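Chemist: One structure is given below, represented as structure tokens, and several questions about it will come after.
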Amino acid sequence: MRIAVIQSSLNMLGGAEKLCITAIKALQEAGHRVTLVSVDKTDWLLMQKRYSISCRVDRELYLIPNILETSSMISRMIITLFALFANPALWRLKRDHDVVLNMSGDIICLGEDAAYVNALPLKAALDYQEILPRRNSLWRFGGKAYGLFLGVQNKLNRGRFLLTNSSFNAVMIKKYFGRSAVVVYPPVDVVALKHALTGVKTENLVVSVSRFRLGKNLEWIPRIAKNVQNARFLIVGSRDKASTTAVGEISRVSHGMCVENRVELVFDRPFSDILEILRRAKILLQTQRTEAFGMAVVEAMAAGCVPVVPRDGGPWFDILEREEGKYGFSYRSLDEAAKKIRMLLENEDLRAEVSARAAKRAMAFDSSIFERKILRIVERIYCSKRAW
């Protein structure tokens with residue numbers, strides 16, 4: 001079968017990119033020929049280093065060398081939108097391929113048979129002030145206009161199949177677009193991560209894994225660290241030109257809270273290094289309230305960390321199943337987050353007990369489950385098109 005996969009860029013090095021790479025790998029291993037359509041050329045060696053996944057598509061269609069040269073979020077979004085629409089190959093995909101999958105993350109229609117929405121749609125994100133913390137009126141106007149565009153386009157393309165990464169995001173899609181979406185949880189290589197469980201966690205280490213971006217609320221971490229005196233905090237993630245403001249804000253708050261010696265930023269490490277950090281860490285602190293799913297949360301759970309997450313978003317709704325203290329803990333304020341972390345660090349028996357349950361819970365999100373579901377959905381689409 002000939003499969004076309006649309007992804008704005010695979011060079012951003014986040015969870016959405018790992019999801020797309022895993023889907024491509026599963027399709028190829030099932031014997032399908034895959035064409036990737038993106039804005040910029042993929043750095044496949046960087047992909048392999050970051051995700052430990054060896055993968056190359058049969059054909060790649062792109063327009064520009066590197067979208068990361070554009071630093072601002074809004075300019076990247078505009079370039080992505082227009083570049084994808086401007087790609088003449090995009091409009092021939094249905095003619096040249098049996099199934100077209102849009103994995104680019106938003107609900108915009110690019111002529112695909114199915115779209116995987118892996119982030120909070122911008123139309124919904126406008127209701128969360130933290131996502132647009134210091135944006136000017138032009139940015140907000142552009143965001144609202146984009147949301148209206150998606151709403152109109154969605155009504156004109158109701159025949160396509162919608163997938164999403166969490167029940168939390170499915171609720172958002174239903175609320176803002178009136179559409180139902182099938183939940184397919186993202187892939188986490190739980191088997192590889194379980195090997196990180198070997199050894200005893202002796203260090204009071206709290207880790208956060210995230211891209212360095214405004215809206216991720218990473219500046220909360222120094223404030224929380226101020227009230228957790230006996231722990232070290234690591235913020236691990238990828239950065240690019242758009243990360244400058246977020247990194248500066250974290251550093252400014254760390255200095256203001258006098259915790260620079262206990263809050264460390266770790267940039268652009270390969271997956272093997274991140275795995276070693278998770279092996280040593282006792283707690284995973286997640287700070288994005290609007291996280292649609294949170295693959296890093298599951299990875300940390302598989303490696304024996306106890307998650308502490310906001311009481312909102314996919315980590316709370318889907319991963320912890322809104323059960324306090326079973327697989328992890330939640331918070332509504334920074335003081336509450338600090339209190340939960342102190343409790344876990346001071347009660348090793350409780351931490352070990354929750355850690356064991358969290359590791360078992362992580363198995364529900366193993367990559368093999370995602371791969372089987374994607375293959376079944378592709379087959380279903382192909383059969384329905386042939387029947388039609």
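Chemist: With θ set to phi - 60°, apply the Karplus curve 6.51 cos²θ - 1.76 cosθ + 1.60 along region 18-32 and write out the HN-Hα couplings as whole Hz, x wherever there is a Gly or Pro.
Modeler: Here the 3J(HN,Hα) series is 5, 4, 5, 4, 5, 5, 4, 4, 5, 5, 5, 5, 7, x, 8 Hz.
Chemist: Another question, then. Using 0.36 nm times the number of residues separating Arg92 and Arg179, minus their current alpha carbon distance, what extension gain do you get?
Modeler: Once the chain is fully extended between Arg92 and Arg179, it gains 28.7 nm.
Chemist: So if R0 is 45 Å, what FRET efficiency would Glu346 and Arg252 give, r being the distance between their Cβ atoms, rounded to the nearest 0.05? Don't skip to the answer; put the middle values down first.
Modeler: Numbers: r = 30 Å, r/R0 = 0.66.
Plugging the Cβ-Cβ distance into 1/(1 + (r/R0)^6) gives 0.90.
Chemist: Below 13 angstrom from the Cβ of Ser251, what's the summed charge of the other residues (Lys, Arg +1; Asp, Glu -1)?
Modeler: -2
Chemist: Across bins of 5 angstrom width beginning at 0, how are the C-alpha pair distances of region 190-364 distributed, in whole percent?
Modeler: Computed distribution, short to long bins: 1, 9, 19, 23, 23, 15, 7, 2, 0.
Chemist: Please give the net charge around Ser166, taking every other residue with its beta carbon less than 11 angstrom from that of Ser166, where Lys and Arg add +1 and Asp and Glu add -1.
Modeler: Numbers: positive: none; negative: Glu291, Asp318.
Charge balance in the 11 Å sphere: -2.
Chemist: Would you calculate the separation in nanometres between label points at Ser52 and Thr245, each defined as 7 Å from the Cα along the Cα-to-beta-carbon direction?
Modeler: 3.5 nm
Chemist: Shifting gears a bit: With a ≥ b ≥ c taken as the square roots of the eigenvalues of the C-alpha gyration tensor of region 240-283, please select rounded if a/c is under 1.5 and otherwise prolate if a/b is larger than b/c or oblate if it is not? Mind dumping the intermediate values first?
Modeler: Values: a/c = 3.67, a/b = 1.36, b/c = 2.70.
Oblate is the answer for region 240-283, as a/c is 1.5 or above yet b/c matches or exceeds a/b.
Chemist: Something else now. What length, rounded to one decimal in nm, is gained on full extension from Glu379 through to Cys109, with 0.36 nm per residue of separation minus their alpha-carbon distance?
Modeler: On the way: separation 270, 0.36 × 270 = 97.20 nm, distance 2.07 nm.
Length gained between Glu379 and Cys109: 95.1 nm.
Chemist: Follow-up. Using alpha carbon centroids, what distance separates region 228-254 and region 283-351, in Å?
Modeler: Using only Cα atoms, the two centres lie 19 Å from each other.
Chemist: What nm value, rounded to one decimal, do you get for the distance between Gln229 and Met1 when each label is placed 7 Å out toward the C-beta?
Modeler: The modelled label-to-label distance comes out at 6.0 nm.
Chemist: Please give the FRET efficiency for Glu264 paired with Glu353, using the beta carbon to beta carbon distance and R0 = 35 Å, rounded to the nearest 0.05.
Modeler: FRET efficiency, Glu264 to Glu353: 0.80.
Chemist: Next question, about the same structure. Show the residues, 5+ positions off or on another chain, whose built amide H is closer than 5 Å to the amide H of Ser330.
Modeler: Amide H to amide H, under 5 Å and 5 or more residues apart or across chains, Ser330 pairs with Val309, Gly325.
Chemist: Still on this structure, I have one more. R0 = 35 Å: FRET efficiency of Trp44 with Glu276, Cβ-based, nearest 0.05?
Modeler: Taking R0 as 35 Å, the efficiency between Trp44 and Glu276 is 0.90.
We did not get these values from a lab; they are worked out from the coordinates using the rules stated. Computed from a predicted model, the values in this text were never measured in an experiment. Here the Cβ is made from the backbone with ideal geometry for all residues, glycine too, and neighbour counts use every protein chain on show.
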